[in-house]
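Colleague: Structure incoming, see below.
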Amino acid sequence: MKKIGLLGATGSIGLQTLDVIRQHPDQFSLCCFSFGRNKETAIEIIKEFHPQLVCCERKEDAEQLRSLYFSNVRFVFGEKGLIEVAVYDEMDCLITAVVGSVGLRPTLKALEAGKNIGLANKETLVTGGHLVMEAVKKANVKMIPVDSEHSAIFQCLRGEHSDEVEKLILTASGGSFRDLSREQLQYVTVEQALNHPNWSMGAKITIDSATMLNKGLEVIEAHWLFHMPYDKIEVLLHQESVIHSLVEFKDSSVMANLGNPDMRVPIQLALSYPNRMFLNTQRLNLSEIATLHFSAVDYVRYPMLKYAFDAGKTGGTMPTILNAANEVAVEAFLQRKIPFLEIETLVYRALEAHCAIFDPSLETIEAEDLKTRAQVCQWIHSRG
């Protein structure tokens, strides 16, 4: 029985992770988890899975749950509590499914504690990739990607030699607005942006998909996960989301990973690795799909993807600034404080204002992250 820890249990990836555990009660158990503010869902998770340790975002929620429910569960809260979950002694594997740079410090602590990681929090590598990969190497543990694109590449590379890889090709659906012109994007609504054509994801990731910043973050993540230079990473538009990513080798052969859009597949592989297990999900039927479409990325149409490539190539704290500015801008859009295209304007402005700090410490990363968030919030407020 493999004991699973889960950061971000009530989010999209978290809930799908629970479904995988639910399908294999003789293989996996949930021993600890964290959640944000969805207390009602967290209570249902506790009742069903009987964890020993639960972290709440807010102290008052931890105190209420401690006093009203579950005397056999230990409740903690805040960043300190998040780290307690990340290093929990009884845990064999930690799935990091929180959204945003909040996942960096707990992931580093989990690696220091020798925990295997199923990585669904791409911002961890975007903001502190050099620190994370150094910690993985030092701890001699496994970090298995959960993003469908990186899981696809990970699977294509199994048994292959990295020096024989010519390039990595990440596929992108194009998001909610792939058929709209730049002019039409000026008037899109939050509701339209959240209507992704293929995937069921959380609000923030769905908006990032619409701007293509999500793909940009995945490019930076791929750079660190697979030790691949940016000039050997490409993005290809593929609207059906059937091919999750591809690897081209030096001999010109190309391997692809295919499947229906279902995040439970890469989640389960991260939990069961190096083995594969049955998953109750819809099987891919290529005769029904019949046709797959591909096209090159227009970086004028999707400038956020170019910002990500540029930030990654510059390195240092620049990807931290990219991510921090985007998180604030996306939240402002979701709260209807700014129009959709203002997201990219704010991100570009933050990048232009920043002077990269190279080989930054964790403390420097966190300080620059906070500084950027404050600056972007000020810009939004000054808009009136």
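The values are calculated or read from the model by the stated rules, or taken from the named source; none is laboratory data. Computed from a prediction, not measured in an experiment: that's the story for all the values here. Neighbour counts are summed over all protein chains in view; Cβ atoms, including those assigned to glycine, are modelled from backbone coordinates with ideal geometry. These area figures cover heavy atoms from the full protein model, side chains too; ligands, DNA and RNA do not enter into them. Shrake-Rupley method; radii C 1.70, N 1.55, O 1.52, S 1.80 Å.
Colleague: Just need a number here: residues in the stretch 76-105 that are over 22 Å from Phe28 (Cα atoms) and either open to solvent by 10 Å² or more (accessible area, probe 1.4 Å) or more than 19 Å from the chain's Cα centre (by Cα) (or both).
Modeller: The qualifying residues number 10.
Colleague: Any residue in the stretch 72-98 that's under 9 Å from Val54 (Cα atoms): show its pairings with residues that are of a type in the set (Asp, Glu) at Cβ separation under 6 Å, as long as the two are six or more apart or on different chains.
Modeller: Val76/Glu84
Colleague: While we're here: Find all pairs meeting these conditions: Cβ atoms under 8 angstrom apart; at least six residues apart or on different chains; first residue within the stretch 11-40 and under 13 Å from Ile267 (Cβ atoms) and among the aromatic types (Phe, Trp, Tyr); second residue open to solvent by less than 10 Å² (accessible area, probe 1.4 Å) and assigned to a helix (DSSP H, G or I).
Modeller: Filtered contacts from the stretch 11-40: Phe28/Val20; Phe28/Ile21; Phe28/Leu271.
Okay, residues lined up against (1) modelled with pLDDT under 95; (2) in contact with a Phe, Trp or Tyr (Cβ under 9 Å, 6 or more places away or on another chain):
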| site | (1), (2) |
| --- | --- |
| Thr206 | yes, yes |
| Glu218 | no, no |
| Met228 | no, no |
| Lys250 | no, no |
| Asn275 | no, no |
| Asp298 | yes, no |
| Tyr307 | no, yes |
| Met318 | no, no |
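Colleague: Sticking with this structure for a sec: For the stretch 283-292, does any single residue satisfy the condition of being outside any helix (DSSP H, G or I), open to solvent by 20 Å² or more (accessible area, probe 1.4 Å), touching a residue at least 24 places away in the same chain (Cβ under 8 Å) and hydroxyl-bearing (Ser, Thr, Tyr)?
Modeller: No - not one qualifying residue is present in the stretch 283-292.
Residue-wise test of (1) hydroxyl-bearing (Ser, Thr, Tyr); (2) within 18 Å of Ala222 (Cβ to Cβ).
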{"residue": "Leu258", "(1), (2)": "no, no"}
{"residue": "Met263", "(1), (2)": "no, yes"}
{"residue": "Arg276", "(1), (2)": "no, no"}
{"residue": "Leu279", "(1), (2)": "no, no"}
{"residue": "Gln282", "(1), (2)": "no, no"}
{"residue": "Glu288", "(1), (2)": "no, no"}
{"residue": "Leu292", "(1), (2)": "no, no"}
{"residue": "Ser295", "(1), (2)": "yes, no"}
{"residue": "Thr317", "(1), (2)": "yes, no"}
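Colleague: Please pick out the residue among Leu236, Leu168, Leu194, Leu180 that is more than 23 Å from Gly128 (Cα to Cα) and touching a Phe, Trp or Tyr at 6+ places or on another chain (Cβ under 7 Å).
Modeller: One residue alone meets the criteria, Leu236.
Colleague: Which condition from (1) over 30 Å from Gln335 (Cβ atoms); (2) surrounded by fewer than 16 Cβ atoms within 10 Å (Cβ to Cβ); (3) among the small types (Gly, Ala, Ser) is the one that Ser181 breaks?
Modeller: Against the list (1) over 30 Å from Gln335 (Cβ atoms); (2) surrounded by fewer than 16 Cβ atoms within 10 Å (Cβ to Cβ); (3) among the small types (Gly, Ala, Ser), Ser181 comes up short only on (1).
Colleague: For the stretch 258-282, name all the residues that are open to solvent by 30 Å² or more (accessible area, probe 1.4 Å) and closer than 23 Å to Lys142 by Cβ.
Modeller: Scanning the stretch 258-282 gives Arg264, Val265, Tyr273, Pro274, Asn275, Arg276, Met277, Phe278.
Colleague: I want to confirm something. Restricting to the stretch 59-101 and keeping residues that are in contact with a helix residue (DSSP H, G or I) (Cβ under 8 Å, 6 or more places away or on another chain) and hydroxyl-bearing (Ser, Thr, Tyr), which single residue is farthest from Thr364 (Cα to Cα)?
Modeller: Filtering the stretch 59-101 for residues that are in contact with a helix residue (DSSP H, G or I) (Cβ under 8 Å, 6 or more places away or on another chain) and hydroxyl-bearing (Ser, Thr, Tyr), the one farthest from Thr364 (Cα to Cα) comes out as Tyr69.
For (1) hydrophobic (A, V, I, L, M, F, W, C); (2) under 30 Å from Val188 (Cβ atoms); (3) in contact with an Asp or Glu (Cβ under 8 Å, 6 or more places away or on another chain), each residue gets a yes or a no:
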{"position": "Asp208", "(1), (2), (3)": "no, yes, no"}
{"position": "Ala222", "(1), (2), (3)": "yes, yes, yes"}
{"position": "Gln239", "(1), (2), (3)": "no, yes, no"}
{"position": "Lys250", "(1), (2), (3)": "no, no, yes"}
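Colleague: What are the residues in the stretch 331-369 that are part of a helix (DSSP H, G or I) and touching a Phe, Trp or Tyr at 6+ places or on another chain (Cβ under 8 Å), if any?
Modeller: Of everything in the stretch 331-369, those that are part of a helix (DSSP H, G or I) and touching a Phe, Trp or Tyr at 6+ places or on another chain (Cβ under 8 Å) turn out to be Phe333, Glu342, Ile343, Glu344, Leu346, Val347, Tyr348, Arg349, Leu351.
Colleague: I need the full set of residues from the stretch 265-282 which are over 16 Å from Ala152 (Cβ atoms), in a helix (DSSP H, G or I) and among the polar types (S, T, N, Q), in order please.
Modeller: Result: Ser272, single match.
Colleague: Something else: For Leu168, which of the numbered conditions (1) over 30 Å from Pro106 (Cα atoms); (2) among the hydrophobic types (A, V, I, L, M, F, W, C); (3) in contact with a Ser or Thr (Cβ under 8 Å, 6 or more places away or on another chain) fails to hold?
Modeller: Among (1) over 30 Å from Pro106 (Cα atoms); (2) among the hydrophobic types (A, V, I, L, M, F, W, C); (3) in contact with a Ser or Thr (Cβ under 8 Å, 6 or more places away or on another chain), Leu168 violates only (1).
Colleague: Count, please, the residues in the stretch 135-162 that happen to be of a type in the set (D, E, K, R), open to solvent by 40 Å² or more (accessible area, probe 1.4 Å) and under 28 Å from Lys250 (Cα atoms).
Modeller: 4
Colleague: Which one is surrounded by the fewest Cβ atoms within 10 Å (Cβ to Cβ), of the residues in the stretch 226-248 that are out of contact with any strand residue (DSSP E or B) (no Cβ under 6 Å at 6 or more places or on another chain) and in contact (Cβ under 8 Å) with a residue 40 or more places away in the chain?
Modeller: Applying the filter and picking the extreme gives His227.
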